[in-house]
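First comes the structure, then the notes that go with it.
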Amino acid sequence: MISAASQFHASVVADHYDELDVFYRELWGEHVHHGLWVNGQESPEIAVRHLVDVVAKEAQINPGDQVIDIGCGYGAAARQLARHYGAEVTAITLSSAQHAYALSVTAGTNPTYLIADWLTTDFSQRFEAAIAIESSEHMPDRDEFFRRAYKVLEAGGRFVVCAWLSGDAPSSLEAAWLLQPICDEGRIPHLPNLDELVASAKAAGFEVVNSQDCTRAVRRTWGIIFSRMICSLLTDSRYRAFLRDPRRRNRIFALTVVRLWLAYRVGAMRYGIITFERQK
């Protein structure tokens with residue numbers, strides 16, 4: 001397992017997304033997660049929605065199901081589940097900027113958005129399904145992350161985790177120049193490999209239903225983000241001003257985008273969609 005040089009409090013993760021809010025939305029869009037390309041011809045907008053469709057299928061979400069979205073970002077996945085699958089979604093994020101944006105674009109009361117830390121917030125209700133799309137990486141206690149998901153799920157409920165993962169045997173150079181800096185700069189306490197992630201889930205009581213290595217289908221994301229970032233740096237003075245400002249705590253993430261693109265290309269990073277189930 002690859003770990004950051006220091007541990008990050010939830011407030012540091014929230015600060016990362018709050019300070020980079022405008023850039024995330026402009027470069028990435030409402031879906032702050034990878035796209036999933038099937039034939040390689042899809043637009044990025046279709047690819048990100050396709051990933052959510054795969055998650056919904058794996059979670060076996062039906063109309064009326066109560067679903068918890070752990071680390072919902074701008075709420076785009078939660079809105080897709082509510083609109084197209086008829087789910088009743090509770091969506092949580094650490095970021096006040098993300099929460100405000102989600103509220104601004106949502107009509108009605110479904111999804112329900114909360115500013116909350118998954119590791120310290122108790123839920124009295126039970127859910128038929130839980131999803132975590134690229135949020136497990138920010139959890140300093142992976143075992144507690146899974147224990148809480150197990151606790152809130154109904155018997156037979158599924159938990160689908162889309163996870164950034166370390167390769168099984170990264171070289172010392174890959175760890176030192178790519179993976180550990182990605183953890184430090186991206187506010188990621190730990191980057192486990194697939195076996196380590198699954199072990200934590202099993203320790204919480206989950207059974208593995210399905211495990212998909214989607215690295216090749218998602219890695220195109222980072223080339224697109226990198227190209228958009230370079231274009232914005234060349235044409236938009238706000239981006240250049242942000243990078244030059246020493247007061248900006250998260251400006252290093254521009255370099256992290258390059259590291260992520262390279263880490264996927266050399267195989268140091270993997271991407272998994274893993275489906276767990278709470279046994280009846």
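Quick check, is residue 224 surrounded by 21 or more Cβ atoms within 10 Å (Cβ to Cβ), at pLDDT 95 or above and within 20 Å of residue 133 (Cβ to Cβ)? It is false that residue 224 is surrounded by 21 or more Cβ atoms within 10 Å (Cβ to Cβ), at pLDDT 95 or above and within 20 Å of residue 133 (Cβ to Cβ).
Scanning the stretch 23-41 for residues that are in contact (Cβ under 8 Å) with a residue 60 or more places away in the chain and under 14 Å from residue 232 (Cα atoms) yields 23, 25, 26, 27, 28. State which residue is surrounded by the most Cβ atoms within 10 Å (Cβ to Cβ) when the search covers only the stretch 244-280 and only residues that are small (Gly, Ala, Ser) and assigned to a helix (DSSP H, G or I). My answer is 263. Against the definition (touching a strand residue (DSSP E or B) at 6+ places or on another chain (Cβ under 8 Å) and crowded, with 21+ Cβ neighbours inside 10 Å), how does residue 131 come out, yes or no? So residue 131 fits the description; yes. Among the numbered conditions (1) in contact (Cβ under 8 Å) with a residue 24 or more places away in the chain; (2) more than 20 Å from residue 18 (Cα to Cα); (3) of a type outside the set (A, V, I, L, M, F, W, C), the only one that residue 106 does not meet is (2).
Assess whether residue 5 counts as being assigned to a helix (DSSP H, G or I) and in contact (Cβ under 8 Å) with a residue 40 or more places away in the chain. Reasoning before the result, please.
Numbers: assigned to a helix (DSSP H, G or I): no; in contact (Cβ under 8 Å) with a residue 40 or more places away in the chain: yes.
Considered against the rule, which asks whether it is assigned to a helix (DSSP H, G or I) and in contact (Cβ under 8 Å) with a residue 40 or more places away in the chain, residue 5 comes out as no.
For residue 137, the requirement of being under 14 Å from the mean Cα position of the chain (by Cα) and not β-branched (Val, Ile, Thr) is met.
Between 40, 29, 35, the distinction of being in contact with a Leu (Cβ under 9 Å, 6 or more places away or on another chain) and either at pLDDT 95 or above or in a loop (DSSP other than H, G, I, E, B) (or both) belongs to 35 only. Candidates 230, 188: the one that is under 21 Å from residue 16 (Cα atoms) and crowded, with 18+ Cβ neighbours inside 10 Å is 188.
The values are calculated or read from the model by the stated rules, or taken from the named source; none is laboratory data. In this text, all values refer to a predicted model and were calculated from it rather than measured experimentally. Cβ coordinates were reconstructed from backbone atoms using ideal geometry, including for glycine residues, and neighbour counts include every protein chain displayed.
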